[in-house]
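The values are calculated or read from the model by the stated rules, or taken from the named source; none is laboratory data. From a predicted model like this one, the values you see are computed outputs, not experimental measurements. Virtual Cβ from ideal backbone geometry, glycine too; neighbours counted across all protein chains shown.
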């Protein structure tokens, strides 16, 4: 036995008696053990002999053996009353140190000490008071008579018969006589209270002769010998009609002759001096069993008597009759102790402990004993013990707990020893050491796995039952979440209670336990996962609980494997990860994809239905944007409500998808709005207007330019060419600005959610949220820029073309000035101020100003043949330009003067050309053209291409000023140099 069983501290010893005192108090909290009946492993007798008959026979043999072993009376004083220890020898198993066990009080019995049995209070012989007990010594025979339930009348009869036998068989020892035969001749019907009792006594001895000589002989009967058949006929006749037992009776003489011839046979067929009538298996063991039962107190069937040493000494005297040796005695006593523990309801742990200690001795005996009969009895006995033990160990959670863990240790030890001993007995030549360890390891491994699987099933049923009974309650946890919690509790209980014990036989006990639970729960989890779709709160709760359970189980396995040879790798290989994080990740990614697909469909549907009415709401942006952004916000909120720990990891998947959807919205929204080039007219071919141009008389000098009614702009309408109206463009601009602002707000909310999340990487991801919606934000900025420019050029070059391109400076400059254009432009600026979002309002107006400046230059430099300018027109043009600038400055309430100055630079640089005489312009042109295009002085000046970029230093700009110059010098130069016509 290990140190856990054999070495107890003194403090544990002090608690020993208390353990037995509280056993009945705690019985209600312990598993209910029922008395079990177990078949005797020694085998059944071929004839019926009741236990009482066998007990009477055992008593007769013992008394006879004691009488023939010495001449002194068999008297003794109880060991508990002796002042000094008796010097008699002790059984061979009594001195091994591994069998020692601390007791609450020092036991007087060496056998008890050896077996680890506690000392019990001093017995009283039935009928004696304590005072009488002190006054007289009690014979061992008297004590055994009481222990074996033999009446005083029967005891007297037996002793009287044995005296007669001794007189008739003077000098013969007990092993030399056939006791039943001799007893038959020594007692008459008059020695019994009744004829019935005498006949029962007679039948018992005849059946003993039949069992010992015919049914269960030590040596096989010779088939050619007629003696067995004749004996069988005599016994059969005697059982039917009482036998005449007189010495000179012919039947009795015939019986005696046959019995003696059979009893004194040897294996070789010779005649022996020793009789063999009670030493055949299993008769001898069944009789010996009755003797060993006398070691238990008749008043307390779970207690071994204090005088067990003396009793066993006397019982040992029967060995010569019964053919018992120390090895058979150990095996029989093992069964007696074990069977008594089981038969009395398994309440006395000392009996199991003693049986386990004795089993160690039996294991040693089995290695030395190779007798086939012994091996058969050994196998039968150990098989019965192993079967009983494994029934409990394969479901040890149902039988053991923290209060009876010592009993479990004994049961495991007995199971392992029994299996190991049987294996050794079958294959004793086997090189065992390594294989035994492996077999023991595997056997305990099987116990652990079997019991935990059974416990897992029980927990499942309990949780299902609990869920069913409380199905109407609110906020119930999912089944697998509760199961995971209960399995984790079971694992920690296993680690604390059972694994330290089982580790003695299996170093990976805790690891095997958690691996089994991991597998059982994993099978349920797989079935659960196969049927899930969206990551609902219940599903995620299950997965989180599963992840926590797995971490608990793996932690236990790792802790258990620290000192193992392979570091626990074999156990870890048995625990393939649940991959909960991967499952959650895939579920959430699928959830994200579904949400993004819905968002994309929503974007496409809303854009198809959107009319871009700026008056659909007070903010003047598209209703479709409101719905899209609301959906985005709902998706983000729903994402952060998911009970997961990986928000930071998966958020980029969601924000990137949202970013692309909104970018798609922006791109689609601006795709039909046009651009600057859509509205700026192409450059007309360079031509010449002379002073006699037919346009000079179209307008009278003092007539004001009238705006045709059908050409006035209609703000808010869609143009005939299908492009958006100005108000719709304003709605586009507001919408993009609103989206841009909402994206910033969404990013901030997502950052706040992240910082409150469980993820260890949340801060890193949150710090990077400034780059969230990067594509959409950039698209908004670019879209607003494009739309502002488009809107401005649409207003100036399309909506106001009738007062700018078609009216300004057509004919007489003084009669077609900029005032009509300014009036209508002012109206547009008012609409912009009222409609466009304040954060982009200045940008739109700035773009309108830039477009107006470009429009003025277009009129002056590419206005077509209807326009011609003289030096005298410079003041008018300059005055109109200042009026245009003043409109945008609006006495300080409009654009900043610095902004106006910045974007009016080009106009201001070009206007002085209209005040420069033609000769100077020609000289500048002649100088700049070769510088720019590399033409030699002798060659013809090249025709400068039109770039659309105006500058006083560019030849094309100088040439255009000359083309629209209304004087002769310019006309001659253009005719001579480029052959331009003098007039249309």
Can you confirm whether residue 745 is under 46 Å from the mean Cα position of the chain (by Cα), exposed (fewer than 14 other Cβ atoms within 10 Å of the Cβ) and at pLDDT 90 or above? yes
Scan the stretch 472-505 residue by residue and report those that are farther than 17 Å from residue 410 by Cβ, part of a loop (DSSP other than H, G, I, E, B) and modelled with pLDDT of 90 or more. none
Kindly check whether there is at least one residue in the stretch 175-182 that is farther than 17 Å from residue 62 by Cα, assigned to a helix (DSSP H, G or I) and over 60 Å from the mean Cα position of the chain (by Cα). no
Specify which of the listed residues (551, 593, 589, 600) is assigned to a helix (DSSP H, G or I), at pLDDT 90 or above and either more than 30 Å from residue 668 (Cα to Cα) or in contact with a strand residue (DSSP E or B) (Cβ under 6 Å, 6 or more places away or on another chain) (or both). 551
Condition set assigned to a loop (DSSP other than H, G, I, E, B) and in contact with a helix residue (DSSP H, G or I) (Cβ under 7 Å, 6 or more places away or on another chain), scope the stretch 554-572, selection surrounded by the most Cβ atoms within 10 Å (Cβ to Cβ): answer is 568
For the stretch 563-580, does any single residue satisfy the condition of being over 24 Å from residue 448 (Cα atoms) and under 12 Å from the mean Cα position of the chain (by Cα)? yes
Among the candidates 235, 258, 287, residue that is closer than 22 Å to residue 148 by Cα, crowded, with 20+ Cβ neighbours inside 10 Å and touching a helix residue (DSSP H, G or I) at 6+ places or on another chain (Cβ under 8 Å): 287
Exactly one of (1) outside any helix (DSSP H, G or I); (2) touching a residue at least 60 places away in the same chain (Cβ under 8 Å); (3) surrounded by 18 or more Cβ atoms within 10 Å (Cβ to Cβ) is unmet by residue 324. Its number? (2)
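Okay, residues lined up against (1) touching a residue at least 60 places away in the same chain (Cβ under 8 Å); (2) assigned to a helix (DSSP H, G or I); (3) surrounded by fewer than 16 Cβ atoms within 10 Å (Cβ to Cβ):
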| site | (1), (2), (3) |
| --- | --- |
| 355 | no, yes, no |
| 363 | yes, yes, no |
| 374 | no, yes, no |
| 400 | yes, no, no |
| 409 | yes, yes, no |
| 417 | yes, yes, no |
| 422 | no, yes, no |
| 425 | no, yes, no |
Would you check if residue 932 is touching a helix residue (DSSP H, G or I) at 6+ places or on another chain (Cβ under 6 Å), surrounded by fewer than 17 Cβ atoms within 10 Å (Cβ to Cβ) and at pLDDT below 90? yes
Unique match (being more than 17 Å from residue 903 (Cβ to Cβ), modelled with pLDDT under 95 and assigned to a loop (DSSP other than H, G, I, E, B)) among 798, 802: 802
Hey, among 543, 525, 517, which residue is in the same structural domain as residue 479 (by TED's automatic domain parsing), assigned to a helix (DSSP H, G or I) and at pLDDT 95 or above? 517
From the residues in the stretch 952-984 that are surrounded by fewer than 14 Cβ atoms within 10 Å (Cβ to Cβ) and touching a helix residue (DSSP H, G or I) at 6+ places or on another chain (Cβ under 9 Å), which one is modelled with the lowest pLDDT? 984
Residues that are modelled with pLDDT of 90 or more and outside any helix (DSSP H, G or I): does the stretch 635-655 have at least one? no
For the stretch 828-837, does any single residue satisfy the condition of being crowded, with 23+ Cβ neighbours inside 10 Å and under 60 Å from the mean Cα position of the chain (by Cα)? yes
Among the residues of the stretch 573-583, are any part of a helix (DSSP H, G or I), surrounded by 13 or more Cβ atoms within 10 Å (Cβ to Cβ), touching a residue at least 40 places away in the same chain (Cβ under 8 Å) and out of contact with any strand residue (DSSP E or B) (no Cβ under 8 Å at 6 or more places or on another chain)? yes
Can you find a residue in the stretch 773-793 that is at pLDDT below 95 and in a loop (DSSP other than H, G, I, E, B)? yes
By my count, helices (runs of 4 or more DSSP H) wholly in the stretch 866-984 with at least 1 residues that are within 30 Å of residue 846 (Cα to Cα) are 874-889, 897-903, 905-910, 955-963
